[in-house]
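Asks: I'd like to ask some things about the structure below.
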Amino acid sequence: MRMTVSNLRLPRPRSAHLLAGIFLLILIALVATGCIGGTDTPQNTLAPEGEVARHQRNLFMLAMWPALVVMILVEGAIIVTLLRFRRRKNDAVPKQTHGNTPLEIGWTIVPTLIIIGFVGVPMLPVLFDLGRDPKADAYPIEVTGQRFQWSFKYPNIKDARTGEPLESPPVTPGRAAELHIPAGKEIALTLTSIDVNHSFGVPRLAGTQDAIAGEHHRFWMKADHPGSFSGQCRELCGVDHWGMLITVIAQSQEDFDAWAKEAAAGVKQTPEGRVPSAVAATGSGD
Amino acid sequence: MATEWPQTRRTGLADALRGAREMADQHYGIWSWIAPVDHKRIGVMYGVTAFIFFLAGGIEALLLRTQLIVPNAGVLNHDQYNRILTMHGTTMVFLVIMPLSAAFFNLMTPLMIGARDVAFPRLNAFSYWVFLAGGIFLNASFFTKDIFSGELGAPDCGWTCYSTLSSKAFSPGHGVDFWALGVQILGIASLASGFNFIVTILNMRAPGMTLFRMPLFVWMTLVTSFLIIFAMPVIAVALFELIFDRLFNANFFNPDKGGNPLLWQHMFWLFGHPEVYILILPAMGIVSEILPTFSRKPLFGYPFVVFSGIAIGFMSWGVWVHHMYTTGLGTVANSAFGISTILIGVPTGVKVLNWMATMWGGSLSLKAPMMFAVGFVAMFTIGGLSGVTHSVVPSDYQQQDTYYVVAHFHYVLFGGAIFALFAGFYYWLPKFTGKLLDDRLGQIHFWLMLIGFNLTFFPMHISGLLGMPRRISTYSEGQGWDIWNMLSTIGAFTIATSILIFMINVIYSLRRGEAAGYDPWDGRTLEWTIPSPPPHYNFEKIPVVHARDPFWHEKYTEDEQGRPIPVVAGAANGHPDEAHEEHGGGHGIHMPSPSYFPLIAALGFPIMATGLIYDYALVAVGAAVLFVGIYGWALEPATEGEEA
C-alpha cells in the first residue's frame, strides 16, 4: 500500500509489550479452545464416534482454522494500527487517501476465491454423502418426537405381545429415552413428530436433524463401535424442552440381537429409561 | 408565518386544542412532546424509549443468565424461563436495535443531507407512536396471568415462534396472540419510517449533494429502508396467517388439516435474514462516519463500501435457508444456500478491510466514540468469521441450535450493532444535548463492556461446541458446560455494570458536561456546521455541497504536495457570494406545525389488537379511533396560519 510506507512509525515500546502480552493471552485461549476436541464430554461435537460426526468435525476444522488465522491477523492488525497511528502532539493532518482501486478489487476477489476453494468446494461432496438416502441394507428405525420424550420404533423387531413392531417404552422429562442400534452398521432413521417441532441431536454420532409434524425426514448415521452416546432435543418445544433426553446404545451385532430378542419377548425393558444423571426438576412449570 | 393566530372565533375545545398546538409549536410544555413533528425531538423520543426497552431486555438477560449460572439452578422455573427468553429476543430485536437505529435515522439523516426535516414529519411522529404502542402492547402480555404469584403471561415460543409450537393447542393462553399482534403493530411503524426515509433521502438532499457525495450513514439508512419496506410485508403475511390460525381456526400451519409448519419457517426467515442486515447496516453506517473523523482521513474506498452495502442488501434475500439446514430440505437446496451464505461473507469482509485501511496511516484520536467504533470492527469480525464456519452445511448440523449459534449472533448483534450504537451515542449525543459525554467514564464504560462482552459470549462458543443446546432452561452436571456457563453469567453482570456507568455518564454530562460547541470532533459532515443543539429549523441557510465530506473541505485545503492544511480562520464560513444575504435568526423559515393526530391514529392499533384477543367490539372502537386520527390528519392545514 503505497500511501503507508512513507509514514510508518514504530509503537512505543512499553505499551507495545503490554498489548503484545494481551494478544498472546488471547492466542493461548484460542489454542485451548482448539483443543477441546480432545476432551471426553458426553455431547462434545468435536469428539466423533461415528462416520457422520467425523465428517462434520473435519469440515468444521477446515473452516475454523483459517477463520482463526484470519481473526488473529485482523485483530493483530487493528492493535498495530491503533499503536502505530495513535495521534500525538503536533501531528500533521495525514494525507487524504481516498482509496486504491486495484487493491480493493484484489481484496474482493481473493477472499471470494479462497473461501469458495477452501470451504465451499470441499463442503459439497460431504454434503451430498451425508444427505444421500440410506443404503438398502441399512438398519431401519422410526424416531418420533413428542412433548416431552422421544420414542423409537423398530420395524425389523416384532413385539411378541402385540405382533406389532417393537416400540421403546415411554419416559418422563429428564430421563433419557434409549435407542438401541447395532454398532458398525448404517442406521436409516426416519424422523417425525406428532406435535411441535423437535430436533434429534446426538452430537458424537451425527449432529442434529429436525423432527417436524407432517414430514418424514430420512437420514443415516453409524456408530464406530459399541458404546453409549448422549443427546437431547435441540428445538424449543415447550416447557420441558430441557428434559427431552436421548441415549443411543450401540451394541455389537450379537449383543444387539440378544437385546432385540429379549425386548421382543417383553423382558428387561426399563420402564423409565436410563437416568443419565440427577437432573433435578427446577420448580414446576406445568 | 406559522405563529400568527386569528384572534376571532376562539371557543371551547377547539380553542384549547389550538392553544396546545401553539404551545407545541413554541417547543415548551407537555404538548411539545405529544404533538412533535421535529425529527430531532422524535429521534430523542425513539432513543430514550428504545433505551428503556434495552434495560428491560437486559434485565431479562440477567435473569436467564442467573438461572444458568450452575446446573439445576432454581431461580426460574421452566415456564418462566421460556417466556422471559422469548421476550428477551423479541425485545432486543424489535424494541431495541431497530428503534435505536431509527433514532439515529431520525436524528442524523436530515442534518447530514442538509435538510430541515424529513419528508413527512407527521408520518414520522406516527411511526414513533405506533412503535411505542406496539412495544407497550407486547410487554403488556406479562400481565395477562397472575404475575404476582410468579405466573407470566408473556409468549413462550421463542422470538422465532415456530409453528406448530405457536398454535393454540401447544401455546394456550394469550401470550402468542400478544406476540403476533405486537410484532405486526411494530411492522407498521417500521414500514412508515422506511418509506419516509427513502423519500427524504432521495428528494431532500441539499443542492450539490449527489448520491455519491452522501455520507455513508445516509447510504446505509437508504439501503436499510429499502430492506424494511420489502421485508416487513413478508413477516406481516406470516403473522396474519398465524393470527388467523390462532383466532379463527384457520389451518395455514396445521399439518393435520393439510397445512405446513415449515411454511412458517420459510416466511419467517425470508423476513428474518434481511432483518439481520436491517439490524447491522445502520451500525456499519455509524462506524463508517466515526472512523474517518477520528482518523482524520476520508473513508477508504467509499464506492466499495457503498456497493458492498448494496450487495449485502440484495444477497440478504438469498440466504434464508441457512437457518433451516436441518429441516430436511434436501441436498440441492442446502448446497445452493450453503454457497450463497459463504459468499455473503465477502462484501462484509470488504467493509472490514476498508475500515482498517481508513485507520491505517491516519492520525487516530482514541476518544470514546472511536474506541466503540474500533470495538465494533474487532468484535463484528469475530461474529462474521464464526458465521462463515457454520455456513458449512454438514458442520452446521452439529452447531445448529447450540450455544455456538448464540455466541455467533451475539457477536454480530451485540459486539456489532450495540457497540456501534454506543459509538453513535458518544459521537452524536453532544450535537443534541450541547454537552460532551465524559471521556474518562466513556473509556471505563468501553473497556468494561468489551471485557464483559467477551467474558459472556466467547465461552458460549465452547459450551456450544461441547453440545449445549440453546433455549434449555436447565442442564445437568457432567456435560463439561458448568465452567463456561459460570463465566458467561459473570460476564453478563459485568456488561450490566458498564451500562450503569454509561447512564451515570449521561446524567453527569447533562448536568455539568463540557460544552460541545459546533464541532467537537473536527467533523467532516454537515451536522457539525450548525450549533449544538441545532435550532429547530436545523440550517438557517440550506448549504450548497461541493464535495464528499463537505465540512472538511471548508476547513482544510491542500498545499502543492497534496498535504492538507487548515484554511485561514474566517474564510471557512460561507462563500463570498452568499455573504451579503440576510441572516434572520430562523424567522421566515417555513416549518411544519405540530400535530397530535398521528398519536390518535397510532392509538387505534393497540385497541384493535386488544379487541381481537378479548372482545371484537373493541376492534370497531380501535378502527374508529384510527379513522378519526387519519381523517383529522388528512384535513389538518399544513400550517395554522393558512387556516384564516
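Asks: When segment B:127-178 is examined, which residues are found to be under 12 Å from B:Thr86 (Cβ atoms), in contact with a Ser or Thr (Cβ under 7 Å, 6 or more places away or on another chain) and away from every other protein chain (no Cβ under 14 Å)?
Replies: B:Leu138, B:Phe178
Asks: Now, a different point. Quick check: is even one residue across segment B:267-290 in contact (Cβ under 8 Å) with a residue 12 or more places away in the chain, at the interface with chain A (Cβ under 10 Å from one of its Cβ atoms) and assigned to a helix (DSSP H, G or I)?
Replies: No: zero hits.
Asks: Oh, and also: Scan segment A:187-194 and tell me whether some residue there is in contact (Cβ under 8 Å) with a residue 60 or more places away in the chain and surrounded by 15 or more Cβ atoms within 10 Å (Cβ to Cβ).
Replies: Scanning segment A:187-194, I find no residue that is in contact (Cβ under 8 Å) with a residue 60 or more places away in the chain and surrounded by 15 or more Cβ atoms within 10 Å (Cβ to Cβ), so the answer is no.
Asks: Which of the numbered conditions does B:Gln398 fail, given that it passes all the others? Conditions: (1) surrounded by fewer than 24 Cβ atoms within 10 Å (Cβ to Cβ); (2) within 11 Å of another protein chain (Cβ to nearest Cβ).
Replies: (1)
Asks: If you don't mind, there's one more thing I want to ask. Does segment B:485-499 contain at least one residue that is over 25 Å from the mean Cα position of the chain (by Cα), within 14 Å of chain A (Cβ to nearest Cβ) and in a loop (DSSP other than H, G, I, E, B)?
Replies: Pass one, segment B:485-499, residues over 25 Å from the mean Cα position of the chain (by Cα): B:485-490.
Then drop every residue that is not within 14 Å of chain A (Cβ to nearest Cβ), which leaves B:485, B:487.
Narrowing the set further to residues that are in a loop (DSSP other than H, G, I, E, B) leaves none.
Within segment B:485-499, none of the residues are over 25 Å from the mean Cα position of the chain (by Cα), within 14 Å of chain A (Cβ to nearest Cβ) and in a loop (DSSP other than H, G, I, E, B).
Asks: Taking the condition of being of a type in the set (A, V, I, L, M, F, W, C), in a helix (DSSP H, G or I) and surrounded by 23 or more Cβ atoms within 10 Å (Cβ to Cβ), how many residues in segment B:193-216 meet it?
Replies: Of the residues in that region, 3 qualify.
Asks: Filter segment A:87-106 down to the residues that are without any contact (Cβ under 8 Å) to a residue 60 or more places away in the chain and more than 20 Å from B:Trp552 (Cα to Cα), then identify the one that is surrounded by the fewest Cβ atoms within 10 Å (Cβ to Cβ).
Replies: A:Lys89
Asks: Evaluate segment B:416-438: report whether one residue or more is within 18 Å of B:Leu455 (Cα to Cα), of a type in the set (Phe, Trp, Tyr) and touching a helix residue (DSSP H, G or I) at 6+ places or on another chain (Cβ under 8 Å).
Replies: yes
Asks: Step by step: first the residues of segment A:129-149, then only those that are hydrophobic (A, V, I, L, M, F, W, C) and out of contact with any Phe, Trp or Tyr (no Cβ under 7 Å at 6 or more places or on another chain), then the one that is farthest from A:His180 (Cα to Cα). Which residue is that?
Replies: Among them, the one singled out is A:Leu130.
Asks: Which of (1) assigned to a loop (DSSP other than H, G, I, E, B); (2) surrounded by 14 or more Cβ atoms within 10 Å (Cβ to Cβ) is the odd one out, the single condition B:Ser509 does not satisfy?
Replies: Of everything listed in (1) assigned to a loop (DSSP other than H, G, I, E, B); (2) surrounded by 14 or more Cβ atoms within 10 Å (Cβ to Cβ), B:Ser509 misses just condition (1).
Asks: If B:Tyr475 passes every condition in (1) in contact with a strand residue (DSSP E or B) (Cβ under 6 Å, 6 or more places away or on another chain); (2) surrounded by 14 or more Cβ atoms within 10 Å (Cβ to Cβ) but one, which one does it miss?
Replies: Among (1) in contact with a strand residue (DSSP E or B) (Cβ under 6 Å, 6 or more places away or on another chain); (2) surrounded by 14 or more Cβ atoms within 10 Å (Cβ to Cβ), the lone unmet condition for B:Tyr475 is (1).
Asks: State all residues of segment B:314-362 that are within 10 Å of chain A (Cβ to nearest Cβ) and of a type in the set (Phe, Trp, Tyr); if no residue qualifies, say none.
Replies: Listed by number, the residues that qualify are B:Tyr325, B:Trp355, B:Trp360.
Asks: Assess whether B:Val393 counts as being touching a residue at least 24 places away in the same chain (Cβ under 8 Å), of a type outside the set (Lys, Arg), at the interface with chain A (Cβ under 7 Å from one of its Cβ atoms) and more than 15 Å from B:Val276 (Cα to Cα).
Replies: Values: touching a residue at least 24 places away in the same chain (Cβ under 8 Å): yes; of a type outside the set (Lys, Arg): yes; at the interface with chain A (Cβ under 7 Å from one of its Cβ atoms): yes; more than 15 Å from B:Val276 (Cα to Cα): yes.
Criteria met by B:Val393.
One line per residue, one yes/no per condition, for (1) touching a strand residue (DSSP E or B) at 6+ places or on another chain (Cβ under 9 Å); (2) more than 8 Å from every other protein chain (Cβ to nearest Cβ); (3) at pLDDT below 95; (4) within 19 Å of A:Pro165 (Cβ to Cβ):
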{"residue": "A:Ile187", "(1), (2), (3), (4)": "yes, yes, no, yes"}
{"residue": "A:Ala206", "(1), (2), (3), (4)": "yes, no, yes, no"}
{"residue": "A:Pro226", "(1), (2), (3), (4)": "yes, yes, no, no"}
{"residue": "A:Glu272", "(1), (2), (3), (4)": "no, yes, yes, no"}
{"residue": "A:Ala280", "(1), (2), (3), (4)": "no, no, yes, no"}
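Asks: Next question, about the same structure. For segment A:239-270: of the residues being of a type in the set (Val, Ile, Thr) and part of a loop (DSSP other than H, G, I, E, B), which is modelled with the lowest pLDDT?
Replies: Only one residue tops the list, namely A:Thr270.
Asks: Another one. Kindly provide the set of residues from segment A:121-154 that are of a type in the set (Phe, Trp, Tyr) and either touching a residue at least 40 places away in the same chain (Cβ under 8 Å) or out of contact with any strand residue (DSSP E or B) (no Cβ under 6 Å at 6 or more places or on another chain) (or both), ordered by number.
Replies: A:Phe128, A:Tyr139, A:Phe148, A:Trp150, A:Tyr154
Asks: Further, regarding this structure: Give me the pairs: first residue in segment B:68-88 and more than 8 Å from chain A (Cβ to nearest Cβ), second residue small (Gly, Ala, Ser) and in a helix (DSSP H, G or I), beta-carbon distance under 6 Å, and six or more apart or on different chains, which are they?
Replies: Pairs that qualify, where the first residue is more than 8 Å from chain A (Cβ to nearest Cβ) and the partner is small (Gly, Ala, Ser) and in a helix (DSSP H, G or I), are B:His88/B:Gly57; B:His88/B:Ala61.
Asks: Let me ask something additional. Let me confirm something: among A:Arg147, A:Arg161, A:Arg175, which residue is within 8 Å of chain B (Cβ to nearest Cβ), over 30 Å from B:Met379 (Cα atoms) and not hydroxyl-bearing (Ser, Thr, Tyr)? Write out each step before concluding.
Replies: Details: A:Arg161 fails: within 8 Å of chain B (Cβ to nearest Cβ); A:Arg175 fails: within 8 Å of chain B (Cβ to nearest Cβ).
One residue alone meets the criteria, A:Arg147.
Asks: Any residue at all in segment B:434-443 that's among the hydrophobic types (A, V, I, L, M, F, W, C), more than 14 Å from chain A (Cβ to nearest Cβ), assigned to a helix (DSSP H, G or I) and over 15 Å from the mean Cα position of the chain (by Cα)? Don't jump to the end; show me each part of the working.
Replies: At the first step, the residues of segment B:434-443 found to be among the hydrophobic types (A, V, I, L, M, F, W, C) are B:436-437, B:441.
With the extra rule that they be more than 14 Å from chain A (Cβ to nearest Cβ), the set shrinks to B:436-437, B:441.
Within this subset, residues satisfying the condition of being assigned to a helix (DSSP H, G or I) are B:441.
Adding the requirement that they be over 15 Å from the mean Cα position of the chain (by Cα) leaves B:441.
Scanning segment B:434-443, I find at least one residue that is among the hydrophobic types (A, V, I, L, M, F, W, C), more than 14 Å from chain A (Cβ to nearest Cβ), assigned to a helix (DSSP H, G or I) and over 15 Å from the mean Cα position of the chain (by Cα), so the answer is yes.
Asks: Filter segment A:120-140 for residues that are buried (at least 21 other Cβ atoms within 10 Å of the Cβ) and closer than 23 Å to A:Gly184 by Cα; which is nearest to the other protein chains (Cβ to nearest Cβ)?
Replies: A:Gly131
The values are calculated or read from the model by the stated rules, or taken from the named source; none is laboratory data. On a predicted model such as this, the values are computed, not experimentally measured, just so you know. Please note: Cβ atoms are built from the backbone with ideal geometry, for glycine as well, and neighbour counts cover all protein chains shown.
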